[in-house]
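This report concerns only the one structure given below.
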Amino acid sequence: MLDLGRLRALHAVSVHGSVGAAATALGYTPSAVSQQIAKLERETRTTLLERSGRGVRLTDDARQLADTAQQLMSLVEAAEVRLEERRGLPAGRLTIGCFASAARGLMPRALADLARRHPELDARLSEVDPHLSVDLVARGVIDLAVAHDWDIAPLPVPPGVEQEVIGDDRCDVLVPRGHPLAARDAVRREELTGERWITQPPGTVCHDWLMRTLRATGCEPLIAHQAEENHTQVALVAAGLGVALVPRLGRGPLPPEVAPVRLDPVPTRRLRALWRAGAARRPAITETVRTLQELWPQVASAA
């Protein structure tokens, strides 16, 4: 009989593309994942991984087995949901994928609250890009995603995935303290023509929103610097190297060299919780979403 843990390891390599990334997602070491797959190869008498440059690739047999593993994991999840639902209490492992600023500004309080009230719940957090996290939920790699989107860049949600709104996060334009706009209460988008922008790399939700919004005013944005972390963007603004549009969640206190200015109309991004429809009745899911929604007004007010 095939071992479910070994099948889970193979499935993780299939989803994440490498042994190292699979190990990170599963909370194991890369050597432990390699050992699991080596044992699975001996059990099945089949070569599952082949060397490809510095990495590995799945053989055709391995891909078939990984597809079967996903079906088995779905059945196991359904059984776990029924058991947890009968008990009526959040329990077991809950894997959560969350974007960076929410992982810093929202999730620590939420996870601590869940651990205090539900000691049988083992919630585990991974920092993941919003678009990637939704796909990971749909494929059964993680149980719950905390993602965000913008008004002109809605988050695509595939069939079989349900969602609820957590709350709205406001954004400010951050400018150096000596900037002509620093003393203003508010600024319109049309007034930002010609500014040197500091933003996230292309392909991220925030970068795409900024490009679309400024192009809609007839201005081609001048992207001077790109940085994934909001804290890095703030540091670049503080050094006088440009301006940035930074959400309040997870931003932290601003240094004295940086002034926040309200953009009119105020841009907001909407935080959402997403999970598979088959797990919708699982108490761990419903309680975690409820906790996030209840905490949001306090977090947003503090931000």
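The values are calculated or read from the model by the stated rules, or taken from the named source; none is laboratory data. It should be emphasised that the depicted structure is a prediction, and the values quoted were computed from it without experimental measurement. Neighbour counts run over all protein chains shown; Cβ positions are idealised from the backbone, glycine included. Each accessible area value is taken on the protein alone, full model and side chains, heavy atoms only, with ligands, DNA and RNA left out. Shrake-Rupley method; radii C 1.70, N 1.55, O 1.52, S 1.80 Å.
Computed quantities for the displayed model
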| quantity | calculated |
| --- | --- |
| Lys, Arg +1 and Asp, Glu -1 on Cβ, resulting dipole of the range 92-156 about Cα centre, debye, nearest 20 | 300 |
| Qualifying GluC sites (Glu not before Pro) in the range 110-205, DSSP loop, other Cβ atoms within 10 Å at most 15 | Glu120 |
| For a label point 7 Å along the Cα-to-beta-carbon line of Arg51, residues of the range 8-30 with backbone N under 16 Å | 19 |
| Rg to Rh quotient for the range 225-264, alpha carbon positions, Kirkwood Rh | 0.91 |
| Residue-normalised accessible area of the chain, expressed per residue, 1.4 Å probe, Å² | 49 |
| Karplus-derived 3J(HN,Hα), 6.51/-1.76/1.60, for each residue of the range 237-242, Hz, glycine and proline x | 5, 4, 7, x, 9, x |
| Note, ³J(HN,Hα) from phi for the range 26-35, Karplus 6.51, -1.76, 1.60, rounded to Hz, x at Gly and Pro | 8, x, 10, 8, x, 5, 5, 5, 4, 5 |
| Long-range amide H partners of Leu94 with built H, under 5 Å | Asp122, Ala123, Arg124 |
| Whole-percent carbon and sulfur share, accessible surface of the chain, 1.4 Å | 50 |
| Built amide H within the under 5 Å cut-off of Leu254, gap 5+ | none |
| DSSP beta bridge pairing in the chain, given as percent antiparallel to the nearest 5 | 60 |
| Euclidean distance between Cα centres, the range 235-277 to the range 164-196, Å | 9 |
| q = 0.08 Å⁻¹: log10 I(q)/I(0) that the Debye formula gives for the chain, counting C-alpha atoms only | -0.44 |
